[in-house]
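Written below as structure tokens is the structure these notes are about.
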Amino acid sequence: MQERTDDATEALAAAESSFGAHMASFEPDLLLARAWMLAARGEHREAIAAARKAARLAHAGSMFGVETVALHTSVRFGDRSATGRLRALTHSVDGPLVCVAAAQSHSFGVRDGHGLDRVAAELERMHAYLLAADAAAQAAIVHRRHGDDASRQLSTAAARRLAGLCPGAKTPAIRALDSPSWLTPREVGIASLVVIGMTNREIAQRLTLSVRTVEGHVYRMSTKLGVDNRKSLVSRLMIGPDA
């Protein structure tokens, strides 16, 4: 996974280096590629920011279909602020996706797990299996937060079934199904880098944080797990505090 992320980083850098004014209409797509790369590296806030920037550029160029995709991508990354604009886009963009994206954004924003289940079902009917998997995964996460274990299990099963139709897919929402609920979003990103063997300094450079900030997060995760060394932290991260 780390090698694939590094390859993507190199490919994106090559694309960005050859970008020019004559290709301005493709800038939102380039930003979306960067957003996905950031998401793959666990930098979820930065990924959302990149997707939102792509949406703004698409809007400025009257590329409302691209804007819809960019905003929906930000929702899939965990953005809760896109509902208003997606609803507005339902009046100017053809096709069913924009309406479903607006419904997903609303349901995720108000933490309506059953609403997200309905979105997942509709996306599956559209044969948009990876989008459906993300919606089902978000539903499972919301159900978990509400303590509704029966609904969580159903949504999780749906998400895994749908993701299985997209071999190798590992979106933030799908990965979150396996993330301990006791980690903060920032800790999830740092934990994903700890387990692949990166040092605190390397993590700080990757996430544009201070080494002291990374050390603080690693210390808090270690405290939650009751471990006092990095090897034990790595072995326990994907198990949870009660193991």
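Over the chain, with a Gaussian network built from C-alpha contacts below 10 Å, which listed residue (His114, His72, His127) shows the highest mean-square fluctuation? Highest fluctuation of the listed residues: His127. Within the chain, what is the longest stretch that has no trypsin sites (Lys or Arg not before Pro) placed in a DSSP loop and near at most 16 other beta-carbon atoms within 10 Å? It works out to 1-79. Comparing mean-square fluctuations of Leu123, Leu97, Leu209 from a GNM of the chain with C-alpha springs under 10 Å, the top value falls on Leu209.
Work out the FRET efficiency for Arg160 and Arg87 from their Cβ-Cβ distance, taking R0 = 45 Å, and round it to the nearest 0.05. The pair Arg160/Arg87 has a calculated efficiency of 0.90.
Once the C-beta distance of Asp228 and Arg111 is scaled by a Förster radius of 30 Å, the resulting FRET efficiency is 0.25 to the nearest 0.05. Can you compute the FRET efficiency between Met126 and Ser62 using 1/(1 + (r/R0)^6), with r the Cβ-Cβ distance and R0 = 25 Å? Round to the nearest 0.05. Efficiency, rounded to the nearest 0.05: 0.50. Taking only the alpha carbons of the chain, we obtain Rg and Dmax values of 18.6, 56 Å in that order. Go ahead and set up a Gaussian network model of the chain, Cα springs under 10 Å, then flag whichever of Val110, Val93, Val218 fluctuates most. Taking springs between Cα atoms under 10 Å, the residue moving most is Val110.
Counting every pair of alpha carbons in segment 138-207, the share spaced more than 21 Å apart comes to 38 percent. Which whole number in µm²/s is D for segment 27-110 by Stokes-Einstein, with the Kirkwood Rh taken over Cα pairs at 4 °C and 1.567 mPa s? So the translational diffusion coefficient is about 105 µm²/s. Both the radius of gyration and Dmax for segment 187-236 are 9.8, 28 Å, in that order, over alpha-carbon atoms. Take the Cα of Thr199, step 7 Å toward its Cβ, do the same at Lys170, and the gap between the two points is 2.4 nm. What's the longest piece of the chain with no exposed chymotrypsin sites (Phe, Trp or Tyr not before Pro), counting a site as exposed if DSSP puts it in a loop and it has at most 15 other beta carbons within 10 Å? By the stated rule (loop sites, at most 15 other Cβ atoms within 10 Å), 20-181. Apply the Debye scattering formula to segment 115-178, with a single equal point scatterer on each alpha-carbon and no solvent, then give log10 I(q)/I(0) at q = 0.11, 0.13, 0.14 Å⁻¹. So the normalised log intensities are -0.19, -0.27, -0.31.
Taking 0.36 nm per residue of separation and subtracting the Cα-Cα distance, full extension of the segment from Val211 to Arg80 would add 44.2 nm.
Per residue of the chain, the DSSP helices (runs of n ≥ 4 H) give a summed -39500 (n - 2.57) that works out to -22000 deg cm²/dmol at 222 nm. The phi torsions of segment 216-223, fed into the Karplus equation with coefficients 6.51, -1.76 and 1.60 and a -60° offset, translate into couplings of x, 5, 5, 5, 5, 5, 5, 5 Hz, rounded to whole numbers, with Gly and Pro shown as x.
FYI, it's all coordinate maths here, none of it is from the lab. Keep in mind that this is a model prediction, so the values were computed, not measured. Virtual Cβ from ideal backbone geometry, glycine too; neighbours counted across all protein chains shown.
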